[in-house]
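What follows is one structure encoded as structure tokens, with my remarks underneath.
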Amino acid sequence: MAAGSASAATGSGGSIATRTISLAQAQRLAEAAVRYVRDHPALPPMYVVVIDSAGEAKASLRMDNNSTAAAALVPHKAHTARTYRTATADLAANIKDPAQIASHVAAGASLLAGGRPIFENNQFIGALAVGGGTPAQDDEVARAALSAL
């Protein structure tokens with residue numbers, strides 16, 4: 001037992017703890033996004049997806065009359081924000097080479113704004129994505145929802 005403890009303490013062998021978003025947090029984020037859209041009538045209906053640190057769906061809300069395209073695009077935004085641990089808008093802004101863009105998209109990444117990683121106490125715990133409006137509107141709603149956490 002002592003060897004296992006020493007091994008874990010030095011970082012070689014043994015298991016590690018992984019933090020992830022709770023169901024309550026995920027629901028709070030999704031509800032905050034919908035509330036923000038309802039409070040800003042100029043925004044179109046949105047689809048919100050929250051995934052945990054492993055990339056599994058934790059919560060989602062799709063507002064009435066949301067575009068059908070959003071249902072296909074939003075999960076990719078969430079997975080991209082999770083994979084790269086950065087906002088999809090920032091990822092897109094930092095990729096200038098068309099070949100890099102093509103390789104990211106071919107790998108299933110989304111370079112559309114509206115996907116954002118979720119951090120708690122500087123630790124990654126999941127990702128949030130929003131879609132249904134313009135890229136700027138999607139990212140606005142995602143940022144507003146994150147402020148509720």
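Considering only residues in region 113-123 that are closer than 18 Å to residue 52 by Cβ and touching a strand residue (DSSP E or B) at 6+ places or on another chain (Cβ under 6 Å), the one that is surrounded by the fewest Cβ atoms within 10 Å (Cβ to Cβ) turns out to be 117. Being at pLDDT 95 or above and polar (S, T, N, Q) is the filter; apply it to region 31-79 and report the residue that is surrounded by the most Cβ atoms within 10 Å (Cβ to Cβ). Applying the filter and picking the extreme gives 66.
Going by the structure shown, is residue 110 surrounded by fewer than 16 Cβ atoms within 10 Å (Cβ to Cβ), of a type in the set (Ser, Thr, Tyr) and closer than 21 Å to residue 57 by Cα? Against the criterion (surrounded by fewer than 16 Cβ atoms within 10 Å (Cβ to Cβ), of a type in the set (Ser, Thr, Tyr) and closer than 21 Å to residue 57 by Cα), residue 110 does not qualify. For region 110-128, enumerate the residues that are in a loop (DSSP other than H, G, I, E, B) and at positive phi. Passing the criteria: 114, 121, 122.
Of the residues 21, 16, which is among the hydrophobic types (A, V, I, L, M, F, W, C), farther than 16 Å from residue 131 by Cα and either within 18 Å of the chain's Cα centre (by Cα) or part of a strand (DSSP E or B) (or both)?
Going through 21, 16 in turn, just one is among the hydrophobic types (A, V, I, L, M, F, W, C), farther than 16 Å from residue 131 by Cα and either within 18 Å of the chain's Cα centre (by Cα) or part of a strand (DSSP E or B) (or both): 21.
Taking residues in region 64-83 that are among the small types (Gly, Ala, Ser), and partners anywhere that are buried (at least 19 other Cβ atoms within 10 Å of the Cβ) and in a helix (DSSP H, G or I), the pairs with Cβ atoms closer than 8 Å and at least 6 places apart or on different chains are 81/88. For region 129-148, indicate whether the set of residues that are in a helix (DSSP H, G or I), of a type in the set (Lys, Arg) and either in contact (Cβ under 8 Å) with a residue 60 or more places away in the chain or surrounded by 24 or more Cβ atoms within 10 Å (Cβ to Cβ) (or both) is non-empty. Checking region 129-148: not a single residue is in a helix (DSSP H, G or I), of a type in the set (Lys, Arg) and either in contact (Cβ under 8 Å) with a residue 60 or more places away in the chain or surrounded by 24 or more Cβ atoms within 10 Å (Cβ to Cβ) (or both). Every condition in (1) over 16 Å from residue 137 (Cβ atoms); (2) surrounded by fewer than 22 Cβ atoms within 10 Å (Cβ to Cβ); (3) modelled with pLDDT of 90 or more holds for residue 101 except the one numbered (3).
Can you name every residue in region 36-49 that is touching a residue at least 40 places away in the same chain (Cβ under 8 Å) and either more than 15 Å from the chain's Cα centre (by Cα) or not in a loop (DSSP other than H, G, I, E, B) (or both)?
36, 37, 43, 44, 45, 47, 48, 49
The values are calculated or read from the model by the stated rules, or taken from the named source; none is laboratory data. Owing to the predicted nature of the structure, the values given are computational and were not obtained by experimental measurement. Here Cβ is always computed from backbone atoms with ideal geometry, including for glycine, and neighbour counts include all displayed protein chains.
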